[in-house]
Amino acid sequence: MAQVIIVGTQWGDEGKGKIVDLYARDADVIARFQGGNNAGHTLVVEGRQTILHLIPSGILHNNKICVLGNGMVIDPEVLLQEIDELSEKNLFPPDTKLYISQNAHIIMPYHRSLDKARETRKGATKIGTTGRGIGPAYEDKIVRTGIRLCDLLDSETFGEMLRSNVEEKNFYLTQFYEEKPVEYDAIFDEYCGYADRLRQYAANTSLIIDQEIKKGSDILFEGAQGCHLDIDYGTYPFVTSSNTAAGSACCGSGVGPTRIDAVVGICKAYTTRVGEGPFVTELTGTIGEKIQTVGCEFGATTGRKRRCGWLDMVLVRQSVRVSGITGIALTKLDVLTGINPLRICVAYKTGSEQFSESVPPNTKVLGQCSPVYEEMAGWSEDITGAKTMDDLPVNARRYIERLEELAGVKMSLVSVGPGRDETIMLRNPFHG
Ligand code: IMP
């Protein structure tokens, strides 16, 4: 029995979907604990692509318990659409065990409107959010005006909370952002409809997970985004509005830290970023374009092109520290095939200052940093069929070994292609 957290070590899009899907085979419960439909996990199962934004990837395995934890912000329209789409593909049988925390906060239409209005107003200084209302929903949670699932399910409470929220948000929307107001009646009717459908999934998910742990079940906590989009440890303000580091799994699902056995950090063999914000190893020339094309680096949620760059180990080292990562799952190594030489960023430099362990928190300083690279020989052989480390060309093995040294943790697995079987399994956190 093991309790394992999975987090991204970069700016999200590390390929968590595939890894969560792989580990989900060993888990009885798969729980999400933060974020919302800003996330998008692309899964390729038996050649068929499925993109999930809210429901944990474990749903694609039979008989798993899937949990949307209290730390999440949930857009009910998107969730129900996702359930419908999965049902159409026969991937959501009627006995599916999906539980949504009654404490999870609900994304409302005014959250989406405010998110977009704020970005428009910011113009060139925008964050580049996904526009899904994530930030405004977390704002309401923190200022204690947010609507939780348990509030939505009680129409009287919901009506009262909605009325005061609509009044306040319409003031911002019309007076400050010069946007259209939202309408109380339309939202009330729409959301009462969602409540009717969601009631069957509402639960005390902290209790459910606790009961499962006591029964000896294996639990997988599925992080969204990446450690450098963390509201505290990320490249603020170009971050998301939740804690994405591993500690968040405990608060966001109602499980104590003493229960956790392992943390797997997902690290792409290069770096990508969507949205604005500093990116020290960004490649704007042909190599960046090649990585973008070969790696199909388009956002799963917004379809935006992802910015691409060399692997940045300053980011990864900080993530290892902040999230207490015990093993790394290296993804998309195959995308680097044919690029020679390869570069790894081992530190940042600005003036006489050098940073190798930690990303400077001041965005201006970070923007002035230039990368300190190590160069390594690449490989040209097709590696997608590799099943063991010995199947890899020597230069690919050297690249991996150097990453292990720089990260200070061993690889748990290496992914060499999008399919489930295109994976070199090294250490499975569920098997000790
Ligand atoms: P928000 O989470 O929509 O508020 O967006 C804030 C920042 O996080 C933007 O730069 C987004 O592009 C980025 N972001 C949010 N979710 C993801 C994700 O799942 N992958 C990559 N970037 C993300």
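Each value in this text was obtained by applying a stated rule to the coordinates, not by laboratory testing. Everything quoted here is computed from the prediction, not taken from an experiment. Every residue, glycine as well, gets a Cβ built from its backbone with ideal geometry; the counts of neighbours run over all protein chains shown.
Distances over 20 Å make up what percent of all Cα-Cα pairs in region 105-198? Value for region 105-198 (Cα pairs over 20 Å): 34 percent. Taking the DSSP beta bridges in the chain as the whole, what percent of them are antiparallel, to the nearest 5? The antiparallel fraction comes to roughly 40 percent. The spacing between region 232-291 and region 360-393, judged by their C-alpha centroids, is 16 Å. Each Cα pair under 8 Å and six or more residues apart adds its sequence gap; the mean of these over the residue count of the chain is a relative contact order of 21 percent. Projecting the Cα atoms of 202, 424, 107 onto the charge dipole of the chain, computed from C-beta unit charges around the Cα centre, puts 424 farthest toward the positive end.
With the convex hull drawn over the C-alpha atoms of region 243-311, the volume per residue is 121 Å³.
With Cα atoms as the point set, the radius of gyration and Dmax of region 327-432 evaluate to 16.1, 47 Å.
Take the alpha carbon gyration tensor of region 140-241, find the square roots of its eigenvalues, order them as a ≥ b ≥ c, and report rounded if a/c is under 1.5; if not, report prolate when a/b exceeds b/c, else oblate. In terms of gyration-tensor shape, oblate. On the principal axes of its alpha carbon atoms, the chain extends 65, 50, 39 Å, with the longest extent given first.
Taking GluC sites (Glu not before Pro) as candidate sites, keep only those in a DSSP loop with at most 16 other Cβ atoms within 10 Å, then name the longest stretch of the chain containing none of them.
184-356
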